[in-house]
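Note sheet for the following structure.
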Amino acid sequence: PLALAIIAAATAGAYIGFLWWNAAPAKIFMGDTGSLALGGVLGVIAVLIHQPFVLVIAGGVFVLEAVSVLVQTGWFKHTRRKYGEGRRVFLMAPLHHHYELKGWEEPKIIVRFWIISLILVLIGLATLKVR
C-alpha cells in the first residue's frame, strides 16, 4: 500500500506539473507517449485498489472524448454503406475539436472541460465513501 501511495503521489505531481506549464499559451505538450503512460498508471492503480469503475467516472471527459471518436467513425462507416456517402455526428472528432469548429475559443473549451472533470472526480470520490 505504501509503494502504491508513493506512485500515486508521483503521478499526481506529474499531472500538476504538466498542467502548470500547459496553461495557455502552452509551453509543453504531452503527446501520446506521456498521456498513455499516465493513463496506464491510473488504470493500474484503479485495478489494484479494486475500483476500476471510479476511474471511468472520474475520467469521464476522457471517456467522452474517446466515445465521440467511436461514434463519429462508426456512424460515418454505417451511413457510407447505407447511403453511399458518409455522414457525421460531430463537425470533427474528438469532441473538443467539434467545439473549436463551432467557434468556441480553445481556453474556453479547456476550462469548461476542467470544470466538468472536477465535478466528475468529486462524484467518483463520493462513490468511494458510499461503498
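For every residue, the table says whether it meets (1) small (Gly, Ala, Ser); (2) touching a helix residue (DSSP H, G or I) at 6+ places or on another chain (Cβ under 7 Å); (3) open to solvent by less than 40 Å² (accessible area, probe 1.4 Å).
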position: 1; (1), (2), (3): no, no, no
position: 10; (1), (2), (3): yes, no, no
position: 36; (1), (2), (3): no, no, no
position: 50; (1), (2), (3): no, no, no
position: 68; (1), (2), (3): yes, yes, yes
position: 98; (1), (2), (3): no, no, yes
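Just checking, does the stretch 71-93 include any residue being open to solvent by less than 70 Å² (accessible area, probe 1.4 Å), under 12 Å from the mean Cα position of the chain (by Cα) and either touching a residue at least 12 places away in the same chain (Cβ under 8 Å) or under 30 Å from residue 2 (Cα atoms) (or both)?
Within the stretch 71-93, none of the residues are open to solvent by less than 70 Å² (accessible area, probe 1.4 Å), under 12 Å from the mean Cα position of the chain (by Cα) and either touching a residue at least 12 places away in the same chain (Cβ under 8 Å) or under 30 Å from residue 2 (Cα atoms) (or both).
Give me the pairs, please: first residue somewhere in the stretch 98-109 and more than 13 Å from residue 24 (Cβ to Cβ), second residue anywhere and open to solvent by 80 Å² or more (accessible area, probe 1.4 Å), beta-carbon distance under 8 Å, and either six or more positions apart or on two chains.
Pairs that qualify, where the first residue is more than 13 Å from residue 24 (Cβ to Cβ) and the partner is open to solvent by 80 Å² or more (accessible area, probe 1.4 Å), are 98/91; 98/92; 100/92; 100/106; 101/91; 101/92; 102/91.
Taking the options 128, 118, 122, name whichever one is hydrophobic (A, V, I, L, M, F, W, C), more than 23 Å from residue 19 (Cα to Cα) and assigned to a helix (DSSP H, G or I).
Working: 118 fails: more than 23 Å from residue 19 (Cα to Cα); 122 fails: more than 23 Å from residue 19 (Cα to Cα).
Going through 128, 118, 122 in turn, just one is hydrophobic (A, V, I, L, M, F, W, C), more than 23 Å from residue 19 (Cα to Cα) and assigned to a helix (DSSP H, G or I): 128.
The values are calculated or read from the model by the stated rules, or taken from the named source; none is laboratory data. Computed from a predicted structure; not experimentally measured. Because the Cβ atoms are built from the backbone with ideal geometry, glycine has one as well, and the counts that use them run over all protein chains shown. Surface accessibility is based on the protein's heavy atoms, side chains included, excluding ligands, DNA and RNA. Shrake-Rupley method; radii C 1.70, N 1.55, O 1.52, S 1.80 Å.
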